[in-house]
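The values are calculated or read from the model by the stated rules, or taken from the named source; none is laboratory data. What you are looking at is a predicted structure, and each value in this text was computed from that prediction instead of being measured. Virtual Cβ from ideal backbone geometry, glycine too; neighbours counted across all protein chains shown. Remember, those area values only see protein heavy atoms, side chains included, never the ligands or the DNA or RNA. Shrake-Rupley method; radii C 1.70, N 1.55, O 1.52, S 1.80 Å.
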Amino acid sequence: MGPTLGRAANTRRAVLAAVAVAALAGEQSAAAQGRVLRIRQRGTLVCGVAPGVAGFARVDGQGRYSGLDVDVCRAVSAAIFGTPDNVRYEQASSVEQFQRTPDIDLVSRRLTWSLQREGMGLLFGPVMFYDGQGFLVPARLPAQKVRQLANARICVVAGGLSESNLTTDFRSHSLALRKILIQIGQVEAAFSAGRCDAFTADVSELGSLRSGTAKPDTFRILSEQISKEPLAQVVRAADVDLFDVLRWTIFAMIDAEELGVTSGNVAEMAKSGNPDVRRLLGVTPGNGKALGLDEAWAYNVVKTVGNYGEVYERNVGTGSPIKLPRGVNALWSAGGLIFAPPLR
């Protein structure tokens with residue numbers, strides 16, 4: 001190779017190296033600025049959801065989203081922007097789809113927090129709903145406990161985790177199992193045709209299915225469950241700033257319920273002398289600065305979306321079509337598992 005060609009090759013290598021360094025610097029700069037800043041610059045929070053389960057995520061004919069999962073997205077928007085309406089919803093049918101779609105900021109879609117999922121480079125927020133696999137039965141059926149379903153015809157969706165859990169549980173308790181495999185859209189018809197004495201799936205799904213039947217009051221959900229399915233939102237492990245906002249937004253909603261702060265009385269409660277209420281609502285500053293948010297971030301969340309109890313009751317509680325009692329999803333002070341660390 002002559003000196004001219006050698007110099008040209010060296011120049012090309014130098015240019016390529018410079019381009020690579022610039023690209024790496026750009027990636028590092030994007031990471032350094034944080035996901036929350038990028039959300040602000042974009043002007044919207046992109047939230048991955050999976051519409052289809054009433055009470056958790058539904059979209060109507062006008063494209064309006066609603067449900068408990070949707071309200072978490074709205075609450076994070078309220079914390080960041082001061083309004084719950086700066087959200088763009090995207091389909092996120094799986095964790096893998098989330099990882100392939102860099103524009104989606106967080107996923108809120110009835111995901112069970114598990115070790116192996118978190119090992120995929122993800123971070124789960126606080127548990128928003130303690131779920132578990134249960135049993136939907138006709139109200140006329142006398143069974144109150146799972147063991148009373150031995151030899152009953154139990155319908156389950158073929159091939160999923162629910163089928164595996166059902167088989168494992170009945171075997172481990174030496175219960176006779178009559179398993180009927182069906183598809184998800186066949187539940188009501190299978191009951192009507194006398195093929196099923198019970199149907200098993202996560203309780204969140206059972207409540208949604210019951211609400212969609214012609215006569216919801218003719219079905220009930222057994223209180224006993226055969227699995228643990230803690231549902232939580234998820235972000236990428238690199239997005240620690242958004243993880244902090246997600247986590248403390250949910251904690252603020254829980255804390256607000258415990259302190260008696262609601263969407264209806266939040267303005268009046270801001271005048272309270274209670275130091276915990278004053279810190280929650282930003283009257284006493286500090287929490288907003290710690291998260292890189294306006295000091296009124298939690299005030300805006302409660303005012304526009306509600307406290308945890310309001311969100312639960314509106315979407316899946318006994319006053320909603322889903323009619324799920326609070327149970328373990330009650331506050332710790334009421335015998336449940338819902339708990340927030342101190343907001344200070």
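When residue 342 is evaluated against the numbered criteria (1) in a helix (DSSP H, G or I); (2) open to solvent by 50 Å² or more (accessible area, probe 1.4 Å), which criterion, by number, is the only one it fails?
The failed condition is (1).
Would you call residue 222 in contact with a strand residue (DSSP E or B) (Cβ under 6 Å, 6 or more places away or on another chain) and buried (at least 19 other Cβ atoms within 10 Å of the Cβ)?
yes
Within segment 233-249, how many residues turn out to be aliphatic (A, V, I, L, M), surrounded by 21 or more Cβ atoms within 10 Å (Cβ to Cβ) and in contact with a strand residue (DSSP E or B) (Cβ under 6 Å, 6 or more places away or on another chain)?
Residues that pass the stated criteria total 4.
For segment 250-295: of the residues being open to solvent by less than 30 Å² (accessible area, probe 1.4 Å) and in contact (Cβ under 8 Å) with a residue 60 or more places away in the chain, which is nearest to residue 72 (Cα to Cα)?
250
Would you please list the contacts, defined by Cβ atoms under 8 Å and residues six or more apart or on different chains, that run from a residue in segment 317-331 that is free of Cβ contacts under 8 Å to residues at least 60 places away in the same chain to a residue that is open to solvent by 70 Å² or more (accessible area, probe 1.4 Å) and assigned to a helix (DSSP H, G or I)?
Short answer, once both residue conditions are applied: 326/334.
Could you list all residues from segment 51-62 that are outside any loop (DSSP other than H, G, I, E, B) and open to solvent by less than 30 Å² (accessible area, probe 1.4 Å)?
53, 57
Hand me the list of helices (runs of 4 or more DSSP H) wholly inside segment 182-265 holding 1 or more residues that are more than 30 Å from residue 92 (Cβ to Cβ).
Answer list for segment 182-265: 187-192, 240-259.
Just the residues that are open to solvent by less than 60 Å² (accessible area, probe 1.4 Å), of a type in the set (A, V, I, L, M, F, W, C) and within 13 Å of the chain's Cα centre (by Cα), please, taken from segment 63-118.
Passing the criteria: 68, 70, 72, 73, 75, 76, 92, 95, 106, 107, 111.
Can you pull out the residues in segment 134-187 that are open to solvent by 70 Å² or more (accessible area, probe 1.4 Å) and of a type in the set (A, V, I, L, M, F, W, C)?
Across segment 134-187, the qualifying residues are 161, 181, 184.
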